[in-house]
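Colleague: Take this structure, written in structure tokens, and hold onto it; I'll ask about it next.
What follows is calculated from the coordinates using simple rules that are stated; it is not laboratory data. Here the structure is a predicted model, which means the values were calculated and not measured. Here the Cβ positions follow ideal geometry from the backbone for every residue, glycine too, while neighbour counts run over all protein chains shown.
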Amino acid sequence: MEATVPEVIRTVPLQYYVFLATALFAIGVVGVLTRRNAIIIFMCIELMLNAVNVLLTAFSAYRADPNGQIFVFFIMAVAAAEVAVGLGIIVMIYRNFQTTDVNLLSRLKW
Amino acid sequence: MEIVLPGTNAPYPTFLYVLIPLLPFVGFLLNGLLNKRLSATAAGLLGSATVLGSFVISLVLFFNFKYQYTVELFDWITVGSLQIPFSYQIDQLSLVMLLLVTGVGFLIHVYSIGYMAHDENVGKFFSFLNLFIFSMLVLVLGSNFVILFIGWEGVGLCSYLLIGFWNTNTDYNNAAKKAFIINRIGDLGFLLGIFLIYLTFNSVQYGEVFQKASLSQFGPYTAGICTAITLLLFVGAMGKSAQLPLYTWLPDAMAGPTPVSALIHAATMVTAGVYMVLRANVLFTLAPQTLEVVGIIGLATALFAATIGLAQNDIKKVLAYSTVSQLGYMFLALGVMGYSSSLFHVLTHAFFKALMFLGGGSVIHAMSNEQDLRRMGGLRKYLPVTFFTFLIGCLAISGIPPFAGFFSKDEILSHVYEHSKLMWAVGLFTSFLTAFYMFRLLFLAFFGEFRGTEEQKHHLHESPASMTLPLIVLAILAAVGGFMGAPMLLGKHYLADYLAPLFTYSRRLNPAAFALEPDHGTELMLIGLSVAAGVLGIVLAYVQYVVRAQRPVADDAPRPAPENLVYHKYYIDELYDALFVRPTMALSRGLYKFVENSVLNPLTNGFGRAVQGGGFLLRYVQTGAVETYLILMVVGIVLILGLNYGRL
């Protein structure tokens, strides 16, 4: 199995990709928790999503199994659709409240 | 052992067979959905046309009939070894019943166009009538006991709907409920019978069950199990065909519009019990004890109902009791294994009883909904067609030759004579009573002076053609219908010969019972006696109600004890009320008070309150602040991951 992994990829160890993905994911989590602007939060969510994508691609390449990369394409397509819906919602929120600060949006409760 | 079913190759496309019950069903849907959008005449024509269509198809099948076969429509229920296909049985019995149901049904539909013209729910009425015909056709067409049961319940439902058709009247609603509930008692027996059939024969398909039964491969316990099965089936027949002790619903069922009484409670539904016994004749032949019970109950019902009929003053009640009594004759015939005679009487009875009910309806129509015989009289002059046709009906039921009832009743009585002289004597006496009370009705309604109000007298009129035409057709049938079974006159018993293949197995099992034929002299003597009984009844009624012009007294007038007993129908309704209805009501009231109110209600309400309270508390978790949600979510994920993998 090792033989099928191209030389170019083997020059960077798998751990590096794992570290990168973890760092990206952590940045995303912290961003979601600390920022108040809905658009920034949204970007941080995308960051987490892409951290997972990186991880999937890396493992896929190292194990010479294309399933992981195909899976990433699906995630990207679904994420694109989700962005369209999410941004639409944020635009509507801004039109109605003249703000995208999530702390002010506390009306969705009992 | 290989089971050979009767031929399964139907000579016509399946679609044709499906159409027979489907046409009335389409009529039911159209009339029901378009209820008030159709005019009264259009609704009536639509309803009648669909039944006419079924009648025409039945005629085609009847005249091209060569051998028995089943028509497979689809696999209906398949569970383990239980296989119930949805299929039709086409044989002599189902064809005769098809013609009867659609033919007489069609005439009654046509009659209803005139009778119900002034009602505001004509569409509803015709849709129920069509649904009834549909159920009845399913009942006679089905090729196994389960389909029979579907039709059986279907006609029960329609009977409920039609008896309570004028549902603004509480009494009528109660009558409808009574019919439904009493029929349920019988249905329970029938259902248990079907279960037992399946357990014993591992099938519910007619062909298979009867063949297995006739081969007697079950050894010595066949007779016992057959007795159990047939007794249970007979309980079902008792309910549907109004035999003692489950007959009380039928007289009350007269609450429905008169065409309903004619269709359901005279010509078709009540004969379903007879049909079922005929269908299962092999099983009944194997169970002589059951046959004895059937015969005795039939005879008792015939006599009992006839005596009640003597004292009734409501024109429809008299007819109702005479129906119960005639049904008793049919079961008497079944009990002495006069199977084809029983079906013969079903046919002739359908003709003359439908005729008399419709004639009675015509009288009620003319009298502005008056049903009391004490207010009628002298109607002969005003309703000539009704009078003449009604007279033919009365002659037929009284067994006066050459009218239809004579042939069938005489055949039954001669079978009974071979079986038991005592039962024959009672049957003959009942026949005398029948003639007496039918002509009492005729003389009270059509002879003498008019006893109603001036307004009613002013309003008297002969019914429209849509009502008199069916009367005339039925009168012709009641007059000549008997010749399908008149071996002495025509040299051949057409009906019995036609039906003979149905009883092949029974004949093989008990050849002796089928071989019994009274010799010529005895037969002539029997005919003479039964005609004499009928004539005597008529003459007595004539003397009593025309020559002496005696009139029934008012309801609360004092009567001698025996007459009082009969007048109050032997207090059977009161007895049932005290024995079953009141205790049930008391039990329900007790349950309501102590179980429902103090146990069940607090329990269910408590559950509701607990859930409500819990929800009220949980509301506070939902703050609406997005940040809190996010932190809780992250903490949750970390916890889940930590608990899952932290232990490694």
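Colleague: Could I get the Rg over Rh figure for the range B:291-351? Both from C-alpha atoms, Rh via Kirkwood, rounded to two places.
Modeller: Rounded to two decimals, Rg/Rh equals 1.03.
Colleague: Could you work out the local net charge near B:SER322, counting Lys and Arg as +1, Asp and Glu as -1, over the other residues with Cβ closer than 13 Å to its Cβ?
Modeller: Every neighbour counted, the sum reads +4.
Colleague: Through the Karplus equation 6.51 cos²θ - 1.76 cosθ + 1.60, θ set to phi - 60°, convert the phi angles of the range B:138-155 into ³J(HN,Hα) values in whole Hz; use x for Gly and Pro.
Modeller: Running phi through 6.51 cos²θ - 1.76 cosθ + 1.60 with θ = phi - 60° gives 4, 4, 7, 8, x, 9, 8, 5, 6, 5, 3, 5, 4, x, 4, 6, x, 5 Hz.
Colleague: At 222 nm, what value in deg cm²/dmol follows for the protein assembly as shown if DSSP H runs of at least 4 each add -39500 (n - 2.57) and the sum is divided by all its residues, to the nearest 500? It would help to have the intermediate numbers written out before the result.
Modeller: Details: 34 runs with 523 residues, N = 758.
-22500 deg cm²/dmol, from helical runs alone.
Colleague: Quick one: which residues, 5 or more positions from B:GLN243 or on another chain, have an amide H under 5 Å from its amide H? H modelled 1.01 Å from N in the peptide plane, none for Pro or chain starts.
Modeller: none
Colleague: Same structure again: Using Cα-Cα distances under 8 Å and only pairs 6 or more residues apart, what relative contact order does the range B:287-552 have, in percent?
Modeller: Values: 420 pairs, mean separation 67.3, N = 266.
Reported as a whole number, the value is 25 percent.
Colleague: Can you compute the modelled spin-label distance between A:LEU104 and B:LEU643, with each label point 7 Å from Cα toward Cβ, in nm?
Modeller: Inter-label distance under the simple model: 3.9 nm.
Colleague: Over the range B:287-552, what lengths in whole Å, largest first, do the semi-axes of the equivalent ellipsoid take, defined as the square roots of 5 times the eigenvalues of the alpha-carbon gyration tensor?
Modeller: That gives 35, 18, 15 Å for the three semi-axes.
Colleague: If you don't mind, there's one more thing I want to ask. Need one word for the range B:571-645: rounded, prolate or oblate. Basis is the Cα gyration tensor (sqrt eigenvalues a ≥ b ≥ c); a/c below 1.5 gives rounded, then a/b vs b/c decides.
Modeller: prolate
Colleague: Shape verdict for the range B:366-495, please, from the Cα gyration tensor: rounded (a/c under 1.5), prolate (a/b greater than b/c) or oblate.
Modeller: It comes out oblate by the Cα gyration axes.
Colleague: Moving on to the next point. Please report the relative contact order for chain B, taking Cα pairs under 8 Å with a sequence separation of at least 6, and give it as a percent rounded to a whole number. Spell out each step's value before the answer.
Modeller: Working: 1005 pairs, mean separation 75.8, N = 648.
That works out to 12 percent.
Colleague: Follow-up question, since we're still on this one. Sort A:ILE70, B:ILE108 by Cβ crowding within 10 Å, fewest neighbours at the top.
Modeller: On the way: A:ILE70 11, B:ILE108 30.
Arranged by neighbour count, lowest to highest, A:ILE70, B:ILE108 become A:ILE70, B:ILE108.
Colleague: How large is log10 of I(q)/I(0) for the range B:134-227 at q = 0.11, 0.20, 0.22 Å⁻¹ when the intensity is taken from the Debye formula with one equal scatterer per alpha-carbon?
Modeller: For the requested q values the scattering log ratios are -0.44, -0.95, -1.05.
Colleague: How charged is the neighbourhood of B:GLN92? Take every other residue with its Cβ under 15 Å from the Cβ of B:GLN92, and add Lys/Arg as +1 and Asp/Glu as -1.
Modeller: So the surrounding residues net to +1.
Colleague: Here is a follow-up. So what's the range A:13-97 giving for Cα Rg divided by 2.2 N^0.38 Å, two decimals?
Modeller: That ratio works out to 1.27.
Colleague: Then there's this: Just how many % of Cα pairs in the range A:52-100 lie over 11 Å apart, if you round to the nearest whole percent?
Modeller: Of the Cα pairs, 69 percent sit more than 11 Å apart.
Colleague: Helix A:38-62: angle to the longest alpha-carbon principal axis of chain A, degrees 0 to 90, nearest 10?
Modeller: It is inclined by approximately 10 degrees.
Colleague: Positive end of the charge dipole of the protein assembly as shown (Lys, Arg +1 and Asp, Glu -1 on Cβ, about the Cα centre): tell me which of B:GLY608, B:LEU460, B:ALA578 has its Cα farthest that way.
Modeller: The listed residue farthest towards the positive side: B:GLY608.
Colleague: Any idea what the dipole of the protein assembly as shown comes to, in debye rounded to 20, about its Cα centre with Lys/Arg Cβ at +1 and Asp/Glu Cβ at -1?
Modeller: 1240
Colleague: Set the Förster radius R0 to 45 Å, insert the Cβ-Cβ distance between B:ALA465 and B:TYR570 as r into 1/(1 + (r/R0)^6), and round the FRET efficiency to 0.05.
Modeller: Numbers: r = 42 Å, r/R0 = 0.94.
It comes out at approximately 0.60.
Colleague: Mind checking the log10 I(q)/I(0) for the range B:244-290 at q = 0.13, 0.26, 0.32 Å⁻¹? Debye, one equal scatterer per Cα, no solvent, two decimals.
Modeller: Those come out to -0.42, -0.93, -1.11, one per q.
Colleague: Would you mind giving the average projected area, over all directions, of the Cα convex hull of the protein assembly as shown in nm² with one decimal?
Modeller: Answer in nm², one decimal: 52.5.
Colleague: Dipole of chain B, Cα-centred, from +1 at each Lys and Arg C-beta and -1 at each Asp and Glu C-beta, to the nearest 20 debye? Can you show the working numbers first?
Modeller: Working: 35 positive and 34 negative charges, 151 e Å.
Once rounded to the nearest 20, the dipole reads 720 debye.
Colleague: Now a separate question. Roughly how many whole Å is it from the C-alpha centroid of the range B:358-422 to that of the range B:299-353?
Modeller: Here the two parts' Cα centres lie 12 Å apart.
Colleague: Just rank B:SER58, B:SER340, fewest to most, by other beta-carbon atoms within 10 angstrom.
Modeller: B:SER58, B:SER340
Colleague: Same structure again: How many partner chain Cβ atoms sit within 10 Å of a residue's Cβ in peptide B:620-626, on average, as a whole number?
Modeller: Mean inter-chain Cβ contacts per residue within 10 Å come to 5.
Colleague: Here's a follow-up. Quantify how strongly other chains surround peptide B:631-643 by giving the mean number of their Cβ atoms within 10 Å of each of its Cβ atoms.
Modeller: Averaged over the peptide's residues, the number is 1.
Colleague: In the protein assembly as shown, with Lys and Arg counted as +1 and Asp and Glu as -1 at Cβ, which of these residues, B:VAL416, A:THR100, B:ILE108, has the Cα nearest the positive end of the dipole, that is, farthest along it?
Modeller: Among B:VAL416, A:THR100, B:ILE108, the one farthest towards the positive end of the dipole of the protein assembly as shown is A:THR100.
Colleague: For the range B:1-139, with equal point scatterers placed on the C-alpha atoms only and solvent neglected, what are the log10 I(q)/I(0) values from the Debye formula at q = 0.13, 0.17, 0.18, 0.20 1/Å, to two decimals?
Modeller: Debye curve over Cα of the range B:1-139, log10 I(q)/I(0) at q = 0.13, 0.17, 0.18, 0.20 Å⁻¹: -0.61, -0.89, -0.95, -1.09.
Colleague: If you take each beta carbon of peptide B:279-285 and count the beta carbons of other chains within 10 angstrom, what is the mean?
Modeller: Other-chain Cβ atoms within 10 Å of each residue's Cβ, averaged: 0.
Colleague: Can you give the net charge of the other residues whose Cβ lies under 12 Å from the Cβ of B:ALA533, counting K and R as +1 and D and E as -1?
Modeller: Numbers: positive: B:LYS409; negative: B:ASP410.
Cβ neighbours under 12 Å give a net charge of 0.
Colleague: I need the phi-derived Karplus couplings for the range A:96-105: 6.51 cos²θ - 1.76 cosθ + 1.60, θ = phi - 60°, integer Hz, Gly and Pro marked x.
Modeller: These are the phi-based 3J(HN,Hα) values: 7, 10, 6, 7, 10, 6, 5, 5, 7, 8 Hz.
Colleague: Considering only A:PHE42, A:PHE71, A:VAL54, whose Cα is most displaced toward the positive end of the charge dipole of the range A:10-110, charges sitting on Cβ of Lys, Arg (+1) and Asp, Glu (-1)?
Modeller: So the residue furthest toward the plus end is A:PHE42.
Colleague: Which residues' amide hydrogens lie under 5 Å from the amide hydrogen of B:MET367, considering only partners 5 or more residues apart or on another chain, with H built in the peptide plane?
Modeller: So B:MET367 has HN proximity to no qualifying residue.
Colleague: Rank the residues B:ARG375, B:ARG279 as a footprinting-exposure proxy: fewest other Cβ atoms within 10 Å of their Cβ go first.
Modeller: Ordered from fewest to most neighbouring Cβ atoms within 10 Å, B:ARG375, B:ARG279 come out as B:ARG375, B:ARG279.
Colleague: With bins 10 Å wide starting at 0, give me the P(r) of the range B:369-428 over every alpha carbon pair, in whole percents.
Modeller: Reading the bins upward from 0: 20, 32, 24, 19, 5.
Colleague: Mean 1/r over all different Cα pairs, inverted: what Kirkwood radius does chain B give, in Å?
Modeller: Value: 26.7 Å, from the Cα pair sum.
Colleague: Roughly how big is the range B:450-562's charge dipole about its Cα centre, with Cβ charges of +1 (Lys, Arg) and -1 (Asp, Glu), in debye to the nearest 20?
Modeller: 120
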